[in-house]
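Remarks on the structure that follows.
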Amino acid sequence: MNFVPPELCSPLCSAQGNCVIDSSPFCVCSTGFGGPSCDAALSPPSSIWDYFPWFILLLSLGFWMFDQGHRWMKRRRRREASTQTGEAVATAPPIV
């Protein structure tokens, strides 16, 4: 792999790349640039804050599911306790 002076490869590579000849000339792009002639700016990597709204949504959904399961278990235990003692338990409509 041989680096070629930019004058010999000027139409091939932009100022953001180095021309290299292996079996055929191609560009080795600088960091943050891409494409066949290194003229396309690449988007920066996403940060953790881009996913924060999804994290809050999933966390809220998890808490809601835990709460619903906890309520269901309380109703089930109350029903089981009432059937053992023979008492009638008023069942409330499900909370939506």
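Does ALA81 satisfy the condition of being modelled with pLDDT under 85 and assigned to a helix (DSSP H, G or I)? Lay out the reasoning, then the answer.
Numbers: modelled with pLDDT under 85: yes; assigned to a helix (DSSP H, G or I): yes.
Considered against the rule, which asks whether it is modelled with pLDDT under 85 and assigned to a helix (DSSP H, G or I), ALA81 comes out as yes.
Looking at SER37, SER43, can you tell me which residue is surrounded by 10 or more Cβ atoms within 10 Å (Cβ to Cβ), modelled with pLDDT under 85 and outside any helix (DSSP H, G or I)? Quick ask: steps written out before the conclusion?
Details: SER43 fails: surrounded by 10 or more Cβ atoms within 10 Å (Cβ to Cβ).
None of the others qualify; the one that does is SER37.
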Show the residue pairs meeting these rules: Cβ distance below 7 Å; 6+ apart or different chains; first residue within segment 53-68 and closer than 27 Å to PRO93 by Cα; second residue among the aliphatic types (A, V, I, L, M) and exposed (fewer than 10 other Cβ atoms within 10 Å of the Cβ). none
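The values are calculated or read from the model by the stated rules, or taken from the named source; none is laboratory data. Remember, it's a predicted structure, so these values are computed and weren't measured experimentally. Please note: Cβ atoms are built from the backbone with ideal geometry, for glycine as well, and neighbour counts cover all protein chains shown.
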